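The values are calculated or read from the model by the stated rules, or taken from the named source; none is laboratory data. The structure displayed is predicted, hence computed values, not measured ones. In this analysis, Cβ positions are derived from the backbone assuming ideal geometry, glycine residues included, and neighbour counts consider all displayed protein chains. With ligands, DNA and RNA removed, areas are computed over all heavy atoms of the protein, side chains included. Shrake-Rupley method; radii C 1.70, N 1.55, O 1.52, S 1.80 Å.
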Amino acid sequence: MAEINSCQNEKWPYKLDYGKELEVSGDVLIVGSGVAGCHAAIAAAKKGAKVIAVDKANIKISGSGGSGVDHWHFACTSPCCPISPDEMIEIVKTYPFGVTGETGLGPTCYITCNESYDTLLDLEKYGATIRDVDDEFAGAEFRDEKTKLMFAYDYDGKHTLRVPGVQFKQAMYKGMKSLGVQFFEHIMITSLLTEGGKKGTRVIGATGVNVITGEFYIFKAKATVLATCTPLGIWSYSTEVAGSNKLGGEPNGGSAYALGWNAGAEFTMMEASANRGIFGGWAPDFGAGAAFATWYACTLVDAEGKEIPWIDRDGNVLKTVSERYHARPGQKFFLGTVHPFGMPYEYRGPSIIPDLGKRISEGEYKLPFFADLPSMPEHERRAIWGLMVGNEGLTRYPVYIQYSRAGFDPNEDMLEVETLPFQAMIPSKTPPVRFGSSERNLGFVGGYGGLVFDWDLKTSIDGLYAAGQVLAGGADYSASACSGRFAGRSAAEYSSKSSQRTVDRKQVDIEKERVYAPVTKGNGLEWKEVQFLVNKTMQIYCPEYKNEEMLRMGLKWLNDIRNNEAASIYVRHPHELQRALECLERITVGEIVMQSSLLRKSSNRGLDFKRLDFPIIDPPEHQKYITVRLTEKGIESGELPLNYWLLPPNAPTYRENYEKHAKLK
Amino acid sequence: LDSDTASKINHFSAIGIPVVIDSELCTGCNECVEVCRAHMILPNLEKGKPPQVWYPEECWYCGCCVAFCPVGAVKLKYPINRRVGWKNKGTDKYFRIGMENPPPPNIRPPVCPEFRIEIK
């Protein structure tokens, strides 16, 4: 290793130990101990595995769900829910590419339908509050008097629970501790170790760097679970204005994507990306009045206090607040979540009038709108503001407590609603002028591309499992928890049948050289400058409308940036080293996105994917997953049919596959 | 935040301060440092002194530093570019976070007021 410039160490409040090697070995290694990772750790430890849980932050609060949650989706097996997992899973057919939005791809969704409620009970066992224990909501329409469970959206279907989930992550931590899981906090995993140091061979561990001391870790494990967040900041990442980079989630470079890619794992749907959207930056998340998600089904009024009507799925105006929370006669249940093509009639719930934009332009309703909490029944008002906003991850302090301190009183005050989305609904009288939609996020309405996985939640390479957001199709909070649990069991079982392998020293040395390169320089470029260059490259060569020429240039320049500008990043502290390594991860993620984009030679509505050189939308022969991976010989692509999880060698039904692979005994 | 407290704030950056630590209340236990997911708060070189905000622009505004402070010394300051308004239904009067002469605070706690659970 090159000499480290010691003058950079001045004032850093921790003892620096760049390059010092520590070796840890266990059965199951968890990469990213957020919601999915912690549940994987708990499940693996329960099966008797020696578990190593790694995270960049303190595991008590780490991850996208670390500071709370308010919804718990698809608790089909709760004593209150009349919908069976086998009934619920039918919704998958209506979603493009089988990505259900919040609960991920078919198998992820089915696992969630089966284990969501049990996962919640686990959290309760470890000390979290999941019910209305204080009877604050006694008598409320959304509360079951016997179990004290509370429901969101659909008070007949009862598939989604309202949970005061602010303590959930700590409960996971407590559970892990009681099971003897070993914690390795403030450590960023930088590479996966593979058998013989080759791509595509069995994963046998990982390397990591401590982001406050700079120490180097070699983790040896029989099985590894990738459970980090979906990549963020690929098209844009700004730290100039306070909070401007907060949209969407934690600033995560996409560790699992870069790690999996470099180890040779297969990815799919990575060509999908969507406009960054118009919702960001106006207020804290869920901190403006609304009528959906956390705010479902709050009454909205216009500038003069006129109520915006709610309608049922047939267009009939609903007269009461209560009706917004019930299925129609003959409808078993409805879904309160978004659907990329609009919710099919069968599962469509109440909504505010769809022609609102037109009626605003005709002067019937005047902007701005307000969320009329004072007019809502007390239980509903308290559920939206005190229960949901008060417990969702990024709303307790930024919204509930900040607004309360400033004097906001939901009993008397109506919170302003963001105007921009309504502006966008207004039918244009002049031809629309389009400006570049180059600021994008990975994914599409309701889902993300990610690692190809099977019914064990195993990736395409041996010894490597995936859980949560990194699964192709993504996952929300409860789906991350459930897939984590499932992957943890699979990894534990695999580890019990396999032996530890010798780490290839050459692979470690190459990685060590790469990781510490920014530390050894006395000057060069700051990571933020390179990060912005990577973002610009994505904006220019991988915008909404793509073609072969732009994508090939983009790939050429990303590679060039890696070898030049990125190779001259210098850092002063381990903290900046973490950010620099995240920046390098984003280059890799950008490459996966552009390689995947090149491979899909048509435009696709479901994936919100637009090729200028292949403008034909959704040709039937292209309705399949296109897969991509890096091998020792270069990029290799493949394809999988839609519903591959129900085709041979898998069984034809969800139930059979689940029972065969769940390893519950 | 009064000007007296403001003068005691430790920060290295001109960018808006996402969290402020009351140096009178702070015992220097560094719990906020430990739970900061962004590692933007670092310990003071002088033992027992309030931690310092090194990387304010990396704040995720999760509020864990506030929740875990055992003495209530940490306050979250949301970016001023995200301040919303409301209207009182009875009086039609408008309010805004950060306004002059704000209304009195509303003290009702959220459902499940305890963020932290006992971990032994």
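Describe numerically, in nm with one decimal, the distance between label points set 7 Å from Cα along Cα→Cβ at A:K148 and at B:N101.
4.5
In what sequence, highest mean first, do A:32-39, A:193-200 appear when ranked by Cβ atoms within 10 angstrom?
A:32-39, A:193-200
Under a straight-distance cross-link criterion of Cα-Cα below 19 Å, which aspartates and glutamates are reachable from A:K366, leaving out those fewer than 8 residues away in the same chain?
Result set, ordered by chain and number: A:D302, A:E304, A:E307, A:D355, A:D413, A:E416, A:E418, B:D92.
Which FRET efficiency value, to the nearest 0.05, do you get for A:S322 and B:L25 by plugging their Cβ-Cβ distance into 1/(1 + (r/R0)^6) with R0 = 41 Å?
In this case the efficiency is close to 0.30.
Using the Karplus curve 6.51 cos²θ - 1.76 cosθ + 1.60 with θ = phi - 60°, what ³J(HN,Hα) values do you get for each residue of region A:130-144, in whole Hz, with x for Gly and Pro?
10, 10, 7, 4, 8, 6, 4, 9, 3, x, 6, 4, 8, 10, 8
Summarise the accessible area of region A:1-115 (1.4 Å probe, protein heavy atoms) by the percent that is carbon and sulfur.
48
Where the only charges are on Cβ atoms (+1 Lys, Arg; -1 Asp, Glu), what is the dipole of region A:295-409 about its Cα centre, to the nearest 20 debye?
Charge dipole, region A:295-409, about its Cα centre: 260 debye, nearest 20.
What is the distance, in nm, between label points placed 7 Å from the Cα along the Cα-to-Cβ direction at A:K506 and at B:R108?
Between A:K506 and B:R108, the label points sit 6.8 nm apart.
Take each of the peptides A:348-355, A:57-64, A:461-468, average the number of other beta-carbon atoms within 10 Å over its residues, and list them starting from the highest.
Descending mean neighbour count gives A:461-468, A:57-64, A:348-355.
What does the buried accessible surface come to for B and A, summed over both chains, with the probe at 1.4 Å? Round to 100 Å².
Answer for the B-A pair: about 6200 Å² buried.
Longer than 21 Å from Cα to Cα, which of A:K332/A:K663; A:K497/A:K663; A:K20/A:K506 are they? Say none if no pair is.
A:K332/A:K663
For region B:30-103, give the magnitude of the charge dipole about the Cα centre (Cβ charges: +1 Lys/Arg, -1 Asp/Glu; no others), in debye to the nearest 20.
Dipole of region B:30-103, to the nearest 20 debye: 400 debye.
Farthest toward the dipole's positive end in chain A, which of A:G357, A:P79, A:M343, given Cβ charges of +1 (Lys, Arg) and -1 (Asp, Glu) about the Cα centre?
The listed residue farthest towards the positive side: A:P79.
Before anything else, pin down the relative contact order of region A:543-665: Cα pairs under 8 Å, at least 6 apart, normalised by residue count, whole percent.
21 percent.
For region A:649-665, list residues with backbone N below 13 Å from a point placed 7 Å from the Cα of A:K93 toward its Cβ?
A:654
Given the Cα-Cα distance of A:H622 and A:E141 and 0.36 nm per residue of separation, how much length would full extension add, in nm?
168.5 nm
Protein chains only, probe 1.4 Å: how do A:H661, A:H379, A:H73 rank by accessible area, largest first?
A:H379, A:H661, A:H73
Using only Cα atoms, find the angle between the long axis of helix A:106-125 and the longest principal axis of chain A, and express it within 0 to 90 degrees, rounded to the nearest 10.
90
Can you tell me which of A:524-530, A:397-403 comes out highest on packing, and rank the rest after it, using the mean Cβ neighbours within 10 Å?
With the highest mean Cβ count within 10 Å placed first, the list reads A:397-403, A:524-530.
In terms of Cα to Cα distance under 17 Å, which lysines are near enough to A:K528, apart from those fewer than 8 places away along the same chain?
A:K246, A:K536
What is the mean number of Cβ atoms from other protein chains located within 10 Å of the Cβ atom of each residue in peptide B:51-63, rounded to a whole number?
Across the residues of B:51-63, the mean count of other-chain Cβ atoms within 10 Å is 6.
Normalising by the residue count of chain A, find the relative contact order in percent from Cα pairs under 8 Å and 6+ residues apart.
22
For the Cα atoms of chain A, what angle does the longest principal axis make with the long axis of helix A:527-541, in degrees from 0 to 90, nearest 10?
For A:527-541 against chain A, the angle is about 60 degrees.
Counting only the heavy atoms of the protein chains, how much of A:F286 is accessible to a 1.4 Å probe, in Å² to the nearest 10?
Per-residue accessible area (A:F286): approximately 80 Å².
Is there a simple number for the mean count of other chain Cβ atoms within 10 Å of the Cβ of residues in B:27-36, and what is it?
Counting Cβ atoms of other protein chains within 10 Å of each residue's Cβ and averaging gives 2.
Measuring with a 1.4 Å probe in the full set of protein chains, what accessible area per residue, in whole Å², belongs to chain B?
With all protein chains present, chain B gives 51 Å² per residue.
Explain nothing, just the number: dipole magnitude of the protein assembly as shown about its Cα centre with +1 on each Lys and Arg Cβ and -1 on each Asp and Glu Cβ, in debye rounded to the nearest 20.
So the magnitude is around 1140 debye.
Give me the number: length gained by fully extending A:A567 to A:S84, i.e. 0.36 nm times residue separation minus the C-alpha to C-alpha distance, one decimal in nm.
Answer, rounded to one decimal: 168.5 nm.
Straight-line reach from A:K458: which aspartates and glutamates have Cα under 20 Å away, leaving out those fewer than 8 places along the same chain?
A:D27, A:E115, A:E195, A:E266, A:D476, A:E493, A:E636, A:E639, A:E656, A:E659
Taking the Cβ of A:G165 as the center, what net charge do the other residues with Cβ under 9 Å away carry, scoring Lys and Arg +1 and Asp and Glu -1?
Once all neighbours under 9 Å are counted, the net charge is -1.
Any idea how far apart A:V133 and B:K77 come out in nm if each label point goes 7 Å out from Cα toward Cβ?
Result: 3.6 nm between the two label points.
May I ask you to derive the FRET efficiency for A:A424 and A:N547 from their Cβ-Cβ distance with R0 = 30 Å, giving the value to the nearest 0.05?
0.65
Any chance you could give the angle, 0 to 90 degrees and rounded to 10, that helix A:477-496 forms with the longest Cα principal axis of chain A?
Roughly 30 degrees, rounded to the nearest 10.
For A:T147, tell me the accessible area in Å² from a 1.4 Å probe, rounded to the nearest 10.
Rounded to the nearest 10, the figure is 30 Å².
Report the gain in length on full extension from A:Q182 to A:S602: 0.36 nm times residue separation, minus Cα-Cα distance, nm rounded to one decimal.
Net length gain for the segment: 146.5 nm.
For peptide B:97-107, how many partner chain Cβ atoms fall within 10 Å of a residue's Cβ, on average?
4
Using alpha-carbon pairs under 8 Å, 6+ residues apart, how would you state the relative contact order of region A:516-595 in percent?
Relative contact order for region A:516-595 comes out at 48 percent.
Before I look further, what does chain A give for accessible area per residue, probe 1.4 Å, in whole square angstrom?
35
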